[in-house]
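Undergrad: Attaching a single structure in structure tokens format; questions to follow.
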Amino acid sequence: MEGLQLTRKASRAGFDWDNAAGVFEKLREELAELFRASNEEDVAKMEEEMGDLLFAAVNLGRFLQVDPEIALKNANAKFARRFREMERMSTENGQAFADLARAEKEKLWDDAKRGERQVMKSEAVGKR
């Protein structure tokens with residue numbers, strides 16, 4: 001990931017935060033800037049601020065010794081699993097997922113998360 005390589009290079013050259021707290025603060029700053037740009041509906045500024053936010057998140061991954069690319073791939077996979085489960089539950093209830101109200105979709109999301117946690121718990125117990 002290019003951002004990770006850039007932050008590593010900057011760190012080797014001595015241009016780095018003292019600790020992760022500085023990166024967390026940078027993330028908060030970038031998020032606030034993105035929020036302001038979205039309120040202004042300035043698409044170019046939103047793109048710039050989104051990039052800054054993502055870059056700061058990549059840098060935080062480096063500080064936490066988490067590969068941001070792997071973390072994102074895992075998050076994508078988790079979202080896809082849960083979304084498929086929401087669609088499955090909706091179909092099982094005889095409803096088209098797209099036709100559900102937002103509150104019903106949120107409940108299905110919570111149910112999918114809860115079901116996933118229960119499966120993970122039972123798998124952990126089985127490994128002992």
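Undergrad: What residue, of Ala98, Ala75, is in the same structural domain as Gly115 (by TED's automatic domain parsing), under 16 Å from the mean Cα position of the chain (by Cα) and either without any contact (Cβ under 8 Å) to a residue 40 or more places away in the chain or under 20 Å from Glu116 (Cβ atoms) (or both)? Reasoning before the result, please.
TA: Values: Ala98 fails: under 16 Å from the mean Cα position of the chain (by Cα).
Going through Ala98, Ala75 in turn, the sole match is Ala75.
Undergrad: Sticking with this structure for a sec: Does any residue in the stretch 26-45 that is surrounded by 12 or more Cβ atoms within 10 Å (Cβ to Cβ) come within less than 7 Å, Cβ to Cβ, of a residue that is of a type in the set (Lys, Arg) six or more places away or on a different chain, and which pairs are these?
TA: Pairs that qualify, where the first residue is surrounded by 12 or more Cβ atoms within 10 Å (Cβ to Cβ) and the partner is of a type in the set (Lys, Arg), are Ala37/Lys45.
Undergrad: Of all residues in the stretch 68-83, which are surrounded by 11 or more Cβ atoms within 10 Å (Cβ to Cβ) and among the polar types (S, T, N, Q)?
TA: Asn74, the sole residue that qualifies.
Undergrad: Oh, and also: Tell me, which helices (runs of 4 or more DSSP H) wholly within the stretch 1-104 include 3 or more residues that are touching a helix residue (DSSP H, G or I) at 6+ places or on another chain (Cβ under 9 Å) and polar (S, T, N, Q)?
TA: Qualifying helices (runs of 4 or more DSSP H): none found.
Undergrad: Which of the following residues is free of Cβ contacts under 8 Å to residues at least 12 places away in the same chain, among the charged types (D, E, K, R) and under 28 Å from Gly61 (Cα atoms): Lys121, Lys113?
TA: On inspection, the qualifying residue turns out to be Lys121.
The values are calculated or read from the model by the stated rules, or taken from the named source; none is laboratory data. Note that the structure is a prediction, hence the values are computed from the model and not measured. No Cβ is skipped: glycine too gets one built from the backbone with ideal geometry, and neighbour counts run over all protein chains shown.
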